1. Condition first: in contact with a helix residue (DSSP H, G or I) (Cβ under 6 Å, 6 or more places away or on another chain) and within 14 Å of the ligand (Cβ to nearest atom). Now tell me which residues in region 59-76 satisfy that.
2. Being without any contact (Cβ under 8 Å) to a residue 60 or more places away in the chain and touching a helix residue (DSSP H, G or I) at 6+ places or on another chain (Cβ under 7 Å) is the filter here, so list the residues in region 293-314 that pass it.
3. Quickly run through region 86-101 and pick out the residues that are part of a loop (DSSP other than H, G, I, E, B) and surrounded by fewer than 16 Cβ atoms within 10 Å (Cβ to Cβ).
4. Do we find that residue 130 is within 12 Å of the ligand (Cβ to nearest atom), touching a helix residue (DSSP H, G or I) at 6+ places or on another chain (Cβ under 8 Å), under 15 Å from residue 44 (Cβ atoms) and at pLDDT 95 or above in this structure?
5. Among the residues of region 24-46, which ones are more than 8 Å from the ligand (Cβ to nearest atom) and either assigned to a strand (DSSP E or B) or crowded, with 19+ Cβ neighbours inside 10 Å (or both)?
6. Return yes when residue 202 is touching a residue at least 60 places away in the same chain (Cβ under 8 Å) and either in the same structural domain as residue 348 (by TED's automatic domain parsing) or within 24 Å of residue 105 (Cβ to Cβ) (or both) and no when it is not.
7. Every residue in region 102-127 that is surrounded by fewer than 19 Cβ atoms within 10 Å (Cβ to Cβ) and more than 14 Å from the ligand (Cβ to nearest atom), please.
8. Quick one: count up the residues across region 1-23 that are more than 18 Å from residue 309 (Cβ to Cβ) and more than 15 Å from the ligand (Cβ to nearest atom).
Ligand SMILES: Cc1cc2nc3c(=O)[nH]c(=O)nc-3n(C[C@H](O)[C@H](O)[C@H](O)COP(=O)(O)OP(=O)(O)OC[C@H]3O[C@@H](n4cnc5c(N)ncnc54)[C@H](O)[C@@H]3O)c2cc1C
């Protein structure tokens, strides 16, 4: 059993394989030098306080204590004819079954100019180099106003930086939250000193070898000691090309996370898996939420173990509630479902500029998500109601 990708999805799949009775060898290949660790703190407390891998790593369960780890080398090529994966270090690994758990990487823009001072944030090493760069009083330009951009804005502000957020969107986090809640979140950031340049992008980095300022498409120039690109993601699937898999948006899989387009037992999980789910209706989606590597990993592990031992593979629909949280300053936001797919929304408790709960509805007026800000307990009945509406 070969699992490629040493993150949460790879780990949870290995655990589920064991739970479901697979006793064969499991090898996990990862391009980072670390065993799986928790990524959400990287834009939050790991950035502000500099947490180590020891503090972030997932607890190793006894069931996977015998896994063989090959770390620090990326998979470069899959060959389904020979059932082999070749790594960057030249080693070749054969497999009976393969799990793709390679996640995503940050998208970057082709902006001309110097690159020293330019960062992205996905890995622990990224967080360490960003932490070393952000000094009190320095100017930090964040390109992108999604969740990661906004969490970074909050953390860099708390570290004493002057933060500018540049984004093509009309409001921060508009895609997952809608314009009203986005505008309210913008106000909360502005009150902490963040400056937004919405409806704009960066066209040039200026300076010698190190970035000193950025030029916007409006012609305006912003001072910049540190620039972070947080403009979305690209699935890590290039190594899978030319094997008949559908790689249009991650790896297309069925309800058991089994890859479409190959007869071999090839599965995909986590951020890289473009999967069906009752919550998505007729569509398949890649969902970059922390709970999805666990949900898809559990499902893939159960189905793959059954396929390998010849027992009954699950046939029920995949039904896993997408769940997300975000911490910015002292605010805690929680989201369930797919608020980003909504046509309308309604504040059902509180006000958007304080603790509140917002329900989201699709074009048929069906509830498709709920978001709460600073309402951890109060949100639970709304979450339950939403889940029940999906079950009926
Ligand atoms: C800064 C940050 C903050 C986040 N905050 C939140 C949050 O608040 N709430 C929330 O719900 N979610 C959050 N997330 C998202 C969540 O962490 C991800 O959804 C989750 O980590 C995805 O797990 P995964 O196993 O699919 O991918 P990953 O965790 O990315 O693991 C994939 C692993 O595979 C490796 N890899 C890639 N290509 C190859 C290759 N060719 N060969 C070998 N290895 C390879 C990668 O380097 C990585 O180690 C955050 C993510 C980040 C980066």
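1. 75, 76
2. Selection gives 312, 313, 314.
3. From region 86-101, those part of a loop (DSSP other than H, G, I, E, B) are 88-91, 95-97, 101; that's our starting set.
88, 89, 90, 91, 96 - these are the residues of region 86-101 that are part of a loop (DSSP other than H, G, I, E, B) and surrounded by fewer than 16 Cβ atoms within 10 Å (Cβ to Cβ).
4. On the way: within 12 Å of the ligand (Cβ to nearest atom): yes; touching a helix residue (DSSP H, G or I) at 6+ places or on another chain (Cβ under 8 Å): yes; under 15 Å from residue 44 (Cβ atoms): yes; at pLDDT 95 or above: yes.
Here the answer is yes, as residue 130 does meet what is asked.
5. Scanning region 24-46 gives 26, 27, 28, 37, 46.
6. Against the criterion (touching a residue at least 60 places away in the same chain (Cβ under 8 Å) and either in the same structural domain as residue 348 (by TED's automatic domain parsing) or within 24 Å of residue 105 (Cβ to Cβ) (or both)), residue 202 qualifies.
7. 108, 109, 110, 111, 112, 113, 114, 115, 116
8. Matching residues across region 1-23 total 0.
The values are calculated or read from the model by the stated rules, or taken from the named source; none is laboratory data. Remember, it's a predicted structure, so these values are computed and weren't measured experimentally. Positions of Cβ are backbone-derived with ideal geometry, glycine not excepted, and every protein chain shown enters the neighbour counts.
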